[in-house]
C-alpha cells in the first residue's frame, strides 16, 4: 500500500496567507496522488481547528515541530509513503510516479517534503526536516518539485500553470 501525506499545517508568514487554501491545492494534490497510485490520502493539518478545512482524512501534529510530528506519524505506517507539501503547485501524478527518494528541483534544491520512500528506510529523528531525510537518496524532480514561499515565487509558479 502506498500512502500519500499532504502537509497543510497552517499560515505562512512569508506568503502572508494560508498556502493550503490557495487554488484548492490540497484537493488537487489528493487527486494527483491517487492517480499516482496512493490508496490512502492523509492531510497533516496542524491543529484540530483546521480539520474541517479538508475533505480527506486528517491528522493533527503530535509534537512541537513538523519534523517530529512527521517522524511520529510515519513510524505508525508501513509500505511506501509519498509526501506532498501544500505549496507544491506544479506537482502532478507524473512527478509523483517518477519520484524515488528526495527530488531535486530545477534550481538544484533538495525537496524532502516531496520525498517518496519505503517505511523500512529509517528516517533520522530530528527537529529539522533536512536532517531527517539525510539518508534518503536524491532523484530528479525538475520544476514540478519547486515549492513556493513568497508571493513573488507564487507569481512565477503561476506563469507555468498557464
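Listed here are the residues, each with its yes/no results for (1) over 20 Å from residue 156 (Cα atoms); (2) over 11 Å from the mean Cα position of the chain (by Cα); (3) modelled with pLDDT of 95 or more.
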position: 81; (1), (2), (3): yes, no, yes
position: 87; (1), (2), (3): no, no, no
position: 90; (1), (2), (3): no, yes, no
position: 98; (1), (2), (3): yes, yes, yes
position: 112; (1), (2), (3): yes, no, yes
Long-range neighbours under 6 Å by Cβ, at least six apart or interchain, first residue more than 21 Å from residue 161 (Cα to Cα) within segment 1-26, second modelled with pLDDT under 70 and assigned to a strand (DSSP E or B): 11/18
Qualifying residues in segment 38-56 (those that are surrounded by fewer than 17 Cβ atoms within 10 Å (Cβ to Cβ) and modelled with pLDDT of 95 or more) - the one farthest from residue 20 (Cα to Cα): 39
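Condition check ((1) under 21 Å from residue 161 (Cβ atoms); (2) touching a helix residue (DSSP H, G or I) at 6+ places or on another chain (Cβ under 8 Å)) across all residues:
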site: 92; (1), (2): yes, yes
site: 112; (1), (2): no, yes
site: 117; (1), (2): no, no
site: 130; (1), (2): no, yes
Residue selected from segment 133-153 under the condition surrounded by 18 or more Cβ atoms within 10 Å (Cβ to Cβ) and over 20 Å from residue 2 (Cβ atoms), by the criterion modelled with the highest pLDDT: 146
Those residues of segment 60-79 which are more than 22 Å from residue 9 (Cα to Cα) and buried (at least 16 other Cβ atoms within 10 Å of the Cβ), in sequence order: none
Of all residues making up segment 94-120, the number that are assigned to a loop (DSSP other than H, G, I, E, B) and either farther than 17 Å from residue 4 by Cα or touching a strand residue (DSSP E or B) at 6+ places or on another chain (Cβ under 9 Å) (or both): 9
Count of segment 89-114 residues which are within 13 Å of residue 147 (Cα to Cα), free of Cβ contacts under 8 Å to residues at least 60 places away in the same chain and buried (at least 17 other Cβ atoms within 10 Å of the Cβ): 7
Test: residue 21 is at pLDDT 95 or above and not in a strand (DSSP E or B): no
Residues satisfying the stated conditions in segment 121-160, i.e. within 20 Å of residue 78 (Cα to Cα) and in contact with a strand residue (DSSP E or B) (Cβ under 6 Å, 6 or more places away or on another chain): 133, 136, 137
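The values are calculated or read from the model by the stated rules, or taken from the named source; none is laboratory data. On a predicted model such as this, the values are computed, not experimentally measured, just so you know. Using ideal geometry, Cβ is built from the backbone for each residue, glycine included, and neighbour counts are taken over all protein chains shown.
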